[in-house]
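The values are calculated or read from the model by the stated rules, or taken from the named source; none is laboratory data. Being a predicted model, the structure only gives us computed values, none of them experimental. Cβ atoms come from the backbone with ideal geometry, glycine included; neighbour counts cover every protein chain shown.
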Amino acid sequence: MDRRFETNRPHHALWPLIVIPLLCIVLLATATFLLSKTSLSPKTQQTGKSLLTASHLSFAPVPKKDTEPQDTARLYMTALVKEQYGTMWSLLAPQMQAQWPGEASYASFWQARYHDYILEGFSIGNASALSEWVDPETMAAYDHVERMLVSLQLQPDQTLLQQGQLPPEDLHPEEVLKNLPFIVEPVPGAKATQPHWLVLDGGPGDPEAPILPPLRPTGKIVQVPILMYHHVSDTPPQNVLAWSLTVTPAVFKQQLDYLQQQDYHTITFNQLFDALYFGAPLPSRPIILTFDDGYADVYHFALPLLQQHHFSAMFYIISGKVDWQGYMDWGNLQDLLRKGMQIGSHTVHHVDVGMTYLDAPALAQVELQQSKATLEKQLGVVIQQFCYPSGEPFRSESVILQQAIVALLWQDGYIGATTDPGRTGIDQNSQAPFDLLRIRVDGRETFNEFVYSLPWQRSDQSSG
């Protein structure tokens, strides 16, 4: 037997007792050093919460050329949580940056957007390829993009909680900021030190994410005409009411041609509220197009013309009439969303919510709640906008009744509502979000009457 093995046994038996404690000391020192270097947002520092405790939050190194889409999403969301808005800006696609006056405006917006909340972390789902995605703000279409579902973990801070009763989206913000699409596009020819993907839609960190309205917004008015349509059809109207509610495709095209020639830019309701509440910029001559009731003819005739002009629109849906004859079905509504359009609630049965409330307050609440819940379940999006059927109670009912209905909408998670023009105008007020004014487009009016119902056209005509 080789005696060398016998003489070495005591040393082999002792080395774990020496090396393992040394390794533990080195690892502990390294962890302490890294924690001391972690940069936390001011709000996180104030609350004593470390971002490293967030179960889904991780900090990725600067991605290399072969980065995955999740790496860019992780960098962007980490920057949002840590209030590093310059990093978010650098990850935006150039065409997204072009929608802002500059980085300072972008940073100011995000500072205001989540001012009353403590951002704690986020989660990112797996990436999947999309053959097409449409930006609802510009209506630009993209192919070969990647989509992930991203959720933001946050809570209202003590300052907000002390202000009194909060609407549900403010009190439980995680419920509306979960599983939001995060869209990135590949960067051709990216250098090794650059991300391979840039952000088109930042999910919870995007202006189109559900709005968390400030409890007491500062007074601000922006001029945005909101046009009100019903039918777009070649079918001859059968009575005076149908005539007033119906615009032919040819007339609708003429109107869109005019808006395009006069440099109007359609915006989303999120863009409107981002401007009212958080100081976001609006394009020149902003306008919103709305279609009430959810008729099938607007899908067949209006939608193609909207796409041709690169215009977006809001479609207010009577949830109880989806799939009825003459109305859109769920497949039509899902297609509207895919093509950059927006969906809002118009009650379950198109009832006068004011009179319904006077007869049975609980039934009025059902009309508001059930319509919203059905649309959200069927379409997989957060519904925050409402339209009063026949404009009531804002056309002829008392202020007290108006306030009662607004209170229900507020409790149910809506953030804004449009009227049926008994009153009309273009001044949208941050302190009257449930009384947004519209301009009715009447099928009986001439083209010149349509033109003169809009702002900003007379100076152009006088200079022509």
Contact list please: Cβ distance under 8 Å, first residue in region 234-257 and over 18 Å from T290 (Cα atoms), second residue buried (at least 17 other Cβ atoms within 10 Å of the Cβ) and among the aliphatic types (A, V, I, L, M), pairs at least six apart or on different chains.
P237/L245
Of the residues L282, L227, L215, L276, which single one is among the aliphatic types (A, V, I, L, M), surrounded by 23 or more Cβ atoms within 10 Å (Cβ to Cβ) and under 21 Å from the mean Cα position of the chain (by Cα)?
L276
Please list, ordered by residue number, the strands (runs of 3 or more DSSP E) wholly in region 385-457 having 1 or more residues that are of a type in the set (A, V, I, L, M).
416-418
Any residue that is among the basic types (K, R) and surrounded by fewer than 16 Cβ atoms within 10 Å (Cβ to Cβ) - is there at least one of those in region 437-450?
yes
Select, from L256, L245, the only residue that is surrounded by fewer than 21 Cβ atoms within 10 Å (Cβ to Cβ), over 24 Å from the mean Cα position of the chain (by Cα), assigned by TED's automatic domain parsing to the domain that holds Y299 and not aromatic (F, W, Y).
L256
Any chance region 344-354 includes a residue that's within 21 Å of I439 (Cα to Cα), surrounded by fewer than 23 Cβ atoms within 10 Å (Cβ to Cβ), within 26 Å of the chain's Cα centre (by Cα) and not basic (K, R)?
yes
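For every residue, the table says whether it meets (1) in a strand (DSSP E or B); (2) among the polar types (S, T, N, Q); (3) touching an Asp or Glu at 6+ places or on another chain (Cβ under 6 Å); (4) over 30 Å from Q308 (Cβ atoms).
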| residue | (1), (2), (3), (4) |
| --- | --- |
| S105 | no, yes, no, yes |
| Q111 | no, yes, no, yes |
| E120 | yes, no, no, yes |
| S123 | yes, yes, no, yes |
| T138 | no, yes, no, no |
| S151 | yes, yes, no, yes |
| Q163 | no, yes, no, yes |
| K178 | no, no, no, yes |
| I183 | yes, no, yes, no |
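From the set of residues in region 290-315 that are among the charged types (D, E, K, R) and over 15 Å from I226 (Cβ atoms), which is nearest to the chain's Cα centre (by Cα)?
Within region 290-315, the first condition is being among the charged types (D, E, K, R), and the residues that meet it are 292-293, 297.
Going one step further and asking which of them are over 15 Å from I226 (Cβ atoms), we end up with 293, 297.
Numbers: D293: 22, D297: 27 Å.
The residue in question is D293.
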